[in-house]
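Worksheet: one structure, shown below.
A short reminder: the numbers here are calculations on the coordinates, not readings from a lab. Computed from a prediction, not measured in an experiment: that's the story for all the values here. Positions of Cβ are generated from backbone atoms using ideal geometry, with glycine treated the same way; all protein chains shown enter the neighbour counts.
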Amino acid sequence: MNISNYFHTMRNLMEIKRYQNKISLVPRTIAEHKFGYSKISYMLGYWENRLGGALDMSELLQRSILSGTIKAITGDIQNNTLSATPNMRSTLLDTYDKFYDSSYKPLLPLFISENIKSKVLYAKDNSIEGQVLRVASLVNRFLECFDEVSLGNGFKFEKILEDTTEELLSIDSITAKLLLSEMPKSMSYHLSKFKSELKENKRFVYSNLEAKDIFDFDYTFYSYITEIRGLMGVVRYQNIFKHRVRSVAEHQWFVSLVSLFVYYYLDSSEVDLEDLLVRSLFHDDIELYTGDIITGTKNANSDTKQEVLKVESKYYDSIYCNLVPEDLNGYLKSMVLDPKSDSLEGRILSISDIVDTIYESQEEIILGNLENFRNIRHTGLSKLEVYREEFPFLNELIPSEI
């Protein structure tokens, strides 16, 4: 079964804006929100396990990538609308369930659609993974609103900051308490009404956690999750006119989605799913510092390619490594600087990266942007040829040629 209609539908999330009923100075798409959500989920998952939890990271990342993708069909509904009446939220869940069965499920093979429904609709359940996702969702919302308030757009967004903080304070989770305790002053400054609660929260954290854990969290967590949001402002194909501008953040989320579905198609125990999804979510992180270097420029000659690799390594060692806990550095360095290794996971990532390029090109071709994107699409299809023997189902992932 060709699932190109599914991927086309999921790319609607690159069009739907967050906070549609509010003026946003920095508008974000649902896909960019998903990117931030997945990044925060990974870091919170790391801390949950470091502090003694037994979280399944591959399950967490699958849920973070898939949860809420029903909105590609239903559209987004604002949180204040969800909370407007006692029954609105539960009624909407029933509606989502019906739309999943009527519109989402038919886009996928049965062996996939039956296994991912809970991840799409009910990811934030009472499991440890679900609780971490709930916290990640709130942190992501907090950062979106903080961006607006910091730029002077406090009307309405300050109220959301307060409501989000209140929800975080209600969660009995050590990671939720830790992130509130170590919130930077620039953020907590806006939360004076919770001064006593935040002080009590900090007292609990300092009484129950090791000083090194608190220090490492304080030094890295907010630095990473705030800085990496810069990828929402880095655009792809910077030297070519595009009807639909896509950010590197949107690209990384969609590549992660494709990687996940390649994994489902393979149904192989040989694939390390956590490794694959981390590669996919982190593979372009270094572009936060280098920008999106055009492939043709990067590969113009061997000397240029080698120098770009040296620059990337320099940025990792001088800046990026300071954003993540020390014991993650060796692992993440390979995920960021050498994600497309010759491992099975690296090859799947290479495929997923190409598949995203094909969909992005197809969107532009449909809109009449032929001069550059026909060639880009053709090049992408040619690059897939070397993988067809190992991955015979590739034609099921890509759209028919126009």
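Tabulated data
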item	result
Aspartates and glutamates with Cα under 12 Å of residue 333, excluding same-chain neighbours fewer than 8 positions away	284, 285, 312, 317
Whole-Hz couplings from phi, Karplus 6.51/-1.76/1.60, listed for the stretch 256-268; x for Gly and Pro	5, 4, 5, 4, 4, 6, 4, 4, 4, 5, 5, 6, 10
Alpha carbon centroid spacing (whole Å) that separates the stretch 85-117 from the stretch 262-314	34 Å
Residue 26 paired with residue 218, simple spin-label distance in nm, labels 7 Å along Cα-to-beta-carbon	2.5 nm
Extension gain from residue 374 to residue 386, taking 0.36 nm per residue of separation minus the Cα-Cα distance	2.3 nm
Relative contact order computed over the chain (Cα-Cα under 8 Å; 6+ residues apart), in percent	18 percent
Highest-MSF residue in the chain out of 68, 154, 45 [GNM, Cα springs under 10 Å]	154
Linear extension gain, residue 304 paired with residue 240, 0.36 nm per residue minus alpha-carbon span	20.9 nm
Karplus 3J(HN,Hα) series, Hz, for the stretch 133-148 with 6.51 cos²θ - 1.76 cosθ + 1.60 (x for Gly, Pro)	5, 4, 5, 4, 4, 5, 5, 4, 5, 4, 5, 4, 6, 4, 3, 5
GNM flexibility winner over the chain from 147, 317, 97 (Cα, springs under 10 Å)	317
The stretch 233-396, relative contact order in percent, only Cα pairs under 8 angstrom and at least six apart counted	27 percent
Residue-wise HN-Hα coupling along the stretch 96-106, computed from phi with Karplus coefficients 6.51, -1.76, 1.60 (Hz; x: Gly, Pro)	4, 4, 5, 5, 4, 5, 8, 10, 7, 4, x
Relative contact order %, the stretch 4-231, counting alpha carbon pairs below 8 Å whose residues are six or more apart	20 percent
Size of electric dipole in the chain: Cβ of Lys, Arg +1 and of Asp, Glu -1, about Cα centre, debye, nearest 20	1240 debye
Centre separation in Å (Cα based) which lies between the stretch 165-227 and the stretch 122-150	14 Å
